[in-house]
1. Please rank 351, 133, 384, fewest neighbouring Cβ atoms within 10 Å first, as an exposure proxy.
2. When 249, 302 are ordered from fewest to most other Cβ atoms inside 10 Å of their Cβ, what list results?
3. Let's test the formula: R0 of 25 Å, r as the Cβ-Cβ distance of residue 155 and residue 19. What FRET efficiency results, to the nearest 0.05?
4. Alpha carbon centre of the stretch 110-139 versus the stretch 35-61: separation in Å?
5. Let's test the formula: R0 of 56 Å, r as the Cβ-Cβ distance of residue 550 and residue 65. What FRET efficiency results, to the nearest 0.05?
6. At 0.36 nm per residue, minus the direct Cα-Cα distance, what do residue 93 and residue 557 gain on full extension? Give it in nm, one decimal, please.
7. Length gain on complete extension for the stretch residue 331 to residue 236, per 0.36 nm per residue less the alpha carbon to alpha carbon distance?
8. For a footprinting-style exposure proxy, rank 571, 190, 362 by other Cβ within 10 Å, fewest first.
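Bear in mind these aren't lab numbers, they're just calculated from the coordinates by the rules spelled out. Being a predicted model, the structure only gives us computed values, none of them experimental. Neighbour counts run over all protein chains shown; Cβ positions are idealised from the backbone, glycine included.
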């Protein structure tokens, strides 16, 4: 005879009266006899983050020991009590089990609240997580209970706290089980779809409450961060060809018994219609069957997640790992996300290039205007980007095809050569390597190496460039070709077809012969070889130069062995910084006070006892005269505006001035016993550097010289 159902029990008004010892006694009584079933609601009240962790832990252990053996016999949450055939009243035993089921659901809800509460300690959260996962394992008749797991993940994603500790525990301890991965992907797909619908509805119902919209946006971003952490920390499925044995957490997996009703607690299984009953030997699934299902759920989860409005940092992190961790395991390529990212421009387009290139080369994706978008990405800022190394390697791979038309290869070569005038030395090295490979792969653009100004210049344009645009651009191009010294390349044009690159030449590369950085001037000599003879030349590995910087260039120069050291030798000590032939037509006069210092007041020389003082004054006057001469040259340079001073001329002037200044200071230092002329000379040297660097826009490192100049002026 079944025991009568317990009477309704009211919760105690003040549960704090019970000590830890009382809770232990209540737990022992509950486990010992059914007559103490009224202790169950009392212990449930202590499963809350508001109570001390010791009380919560003691109640948790007692309730876990009580419910674990009863779970296989408990009815579903949605099943109503059955009636006897002879009597309309429900069976007492069924009522009792139904009541136990409601208390178990309350227990699970309390555990989830403790797990996501910021008040609970980390040690208590770990125990709560282990208890929940035990119920997930055995809470559905010995099989995986997806309802409890779904409720747990929903509360994690919707919580306003970060919950990093709980997520880290979940990924480190339980994501190694194949069934947990499977149901995690199913839940992520549902979460992402719900968040997408919520974001759309919030966008349509815009209100004037900016504070509410801000809170809603923050809550949405926090949920996206959590979903991204979960989906990115799930281990990838091994190769099914290896017939790997997968470890299960929920017994025999997720097979469904025939005739068993499926309530809301099993709604995930109902929606997953393609999941059928399977037989497993020793709880080991077939690698091939499981891989097919896992790959489908993996694809659906990622596609749903990528449709969300991702924050910019999550967006970049996803793009950086997409081509390695996601695309190879998808059943359907994520074309829309990548094309949308590639159209954004800037750093996002650069990061999307890796994944898009894989889809084009390995999955047969046809992306229109791919090279036009790639051409637009060639900006000076790309040489400072974080992912520039990968971008340059992909750029070299994209331009490797011999089927590229001549106008396209010429446009990229010309665009890169124009960038070589404004990028740092490390960027110039990468550009030289890329142009070297382009000239070797595409012999049709070797005319850019040496292009004569003639009426036939534009005749070398490709048929594609002359076909549709002959009426629009042909006349103006032919007129411009007759003018000597005009570059027909349009650097501002975003369409390589209309840039007229084949009518130009690589004169920018020739200017790099006189680059201030020795590695650049040495490396540019590799383009002097005949690259059309492929048997005698090899391609340059762009990867060796793509990660360069000022530090790497400086380190290589320090380690470089110099065979011959240049030595300065003069037959006669120079008396002035510049010779009269350097600036023809210019005269530089000394100040009156300085000229008087060379002579005595009565116009005759002093006595023999003052010869040393006279020599010292004369030397000081000569030094000041030389310094004034330097200052005049600096003012002369500053008289020319920067647009009228070509970069190649500025480079020559900088080298020429520094050569003379260094030569002068080398002989000035040991002779002059005073510090003021040397300080003035140092000041003027820095002024020469700063003026020429600003006028020619040579290199960002010259900003340091301006700082040093200000320091010297402050000390003066």
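1. Fewest-to-most ranking of 351, 133, 384: 384, 133, 351.
2. Lowest count first: 249, 302.
3. Rounded to the nearest 0.05, the efficiency is 0.25.
4. Taking the Cα centre of each part, the stretch 110-139 and the stretch 35-61 sit 14 Å apart.
5. 0.25
6. Difference between extended and current length: 158.2 nm.
7. 32.8 nm
8. 571, 362, 190
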